[in-house]
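Structure first, commentary second.
The values are calculated or read from the model by the stated rules, or taken from the named source; none is laboratory data. Keep in mind it's a predicted model, so treat the numbers as computed, not measured. So basically every Cβ, Gly included, is an ideal-geometry build from the backbone, and we count neighbours across all protein chains shown.
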Amino acid sequence: MSFSEKWVNAIYKIVTGGNKSKYILTPTGGLIFVTFILSFIFLSFYLDRIFSFSDFLPATTAKITGLVLIIPGIIFSGKSIYIFIKSKGTPVPVNPPSELITDGIYGYSRNPMLAGLIMQLFGYGIFCNSITLTFIVSPVFMLLSIAELKFIEEPELEKRFGEKYISYKKSVPMFFPRIFKK
């Protein structure tokens, strides 16, 4: 059994099991994720100072361009989190909604929460004129997120929801929403 299969099975067992482990793992998982993201943001700023990276955009351009990414990113992530909580779940993978959500913003993107977070990371990098956050950390985070989705999250969703998820996966893009639904 591969490493990813072990993770898929462990998450599946927690998600379909009792609530006790969910109550412990949900805040722990959320805290670890937030700490992970903030650590990389602050590490980026630290590396920018160590390597004496200068601004790559004029200040006004950086602020405006950054906000153009940050604001929709917050909206995508916030709306997604709201939908999960409204559906009696959380964004933490071990305590998701019990039903597959395919409508609303999830009818345009399978991962609007993560798409929003990625937009925010790039936006904060540009807003703060951080070369490291914009050109190293954000792309690496995006690639790691795609790998996690492909090898852990999507196989677990296929295992839990079967053909319903497979059909949804075929009709809705992973990140970038279609402007018009088919």
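Quick grid of which residues meet (1) modelled with pLDDT under 90; (2) of a type in the set (Gly, Ala, Ser); (3) at negative phi:
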| residue | (1), (2), (3) |
| --- | --- |
| 82 | no, no, yes |
| 91 | yes, no, yes |
| 98 | yes, yes, yes |
| 104 | yes, yes, no |
| 116 | no, yes, yes |
| 119 | no, no, yes |
| 123 | no, yes, yes |
| 130 | no, yes, yes |
| 134 | no, no, yes |
For residues in the range 127-136 being under 19 Å from the mean Cα position of the chain (by Cα) and crowded, with 22+ Cβ neighbours inside 10 Å, which is farthest from residue 47 (Cα to Cα)?
134
Between 42, 56, 76, which is surrounded by 13 or more Cβ atoms within 10 Å (Cβ to Cβ) and in a helix (DSSP H, G or I)?
76
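On the basis of being hydrophobic (A, V, I, L, M, F, W, C), within 19 Å of residue 97 (Cβ to Cβ) and either loosely packed, with under 13 Cβ neighbours inside 10 Å or touching a residue at least 60 places away in the same chain (Cβ under 8 Å) (or both), does residue 37 make the cut?
In short, no.
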For the structure I just gave you, tell me whether residue 85 is farther than 23 Å from residue 5 by Cβ and crowded, with 19+ Cβ neighbours inside 10 Å.
no
First in the range 155-170 and more than 14 Å from residue 7 (Cβ to Cβ) and in contact (Cβ under 8 Å) with a residue 40 or more places away in the chain, second anywhere and part of a helix (DSSP H, G or I) and of a type in the set (Lys, Arg), Cβ under 9 Å, 6 or more apart
165/159
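Scan 150, 170, 181, 159 and give me the residue that is modelled with pLDDT under 95, surrounded by fewer than 18 Cβ atoms within 10 Å (Cβ to Cβ) and assigned to a loop (DSSP other than H, G, I, E, B).
Details: 150 fails: assigned to a loop (DSSP other than H, G, I, E, B); 170 fails: assigned to a loop (DSSP other than H, G, I, E, B); 159 fails: assigned to a loop (DSSP other than H, G, I, E, B).
When all the criteria are applied, what remains is 181.
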Search result, residues across the range 105-120 that are touching a Gly at 6+ places or on another chain (Cβ under 8 Å) and either among the hydroxyl-bearing types (Ser, Thr, Tyr) or within 16 Å of residue 140 (Cβ to Cβ) (or both)
117, 118, 119, 120
Of all residues in the range 93-117, how many are buried (at least 22 other Cβ atoms within 10 Å of the Cβ) and β-branched (Val, Ile, Thr)?
0
Condition test on residue 2, is it modelled with pLDDT of 85 or more, surrounded by fewer than 11 Cβ atoms within 10 Å (Cβ to Cβ) and farther than 27 Å from residue 88 by Cα?
yes
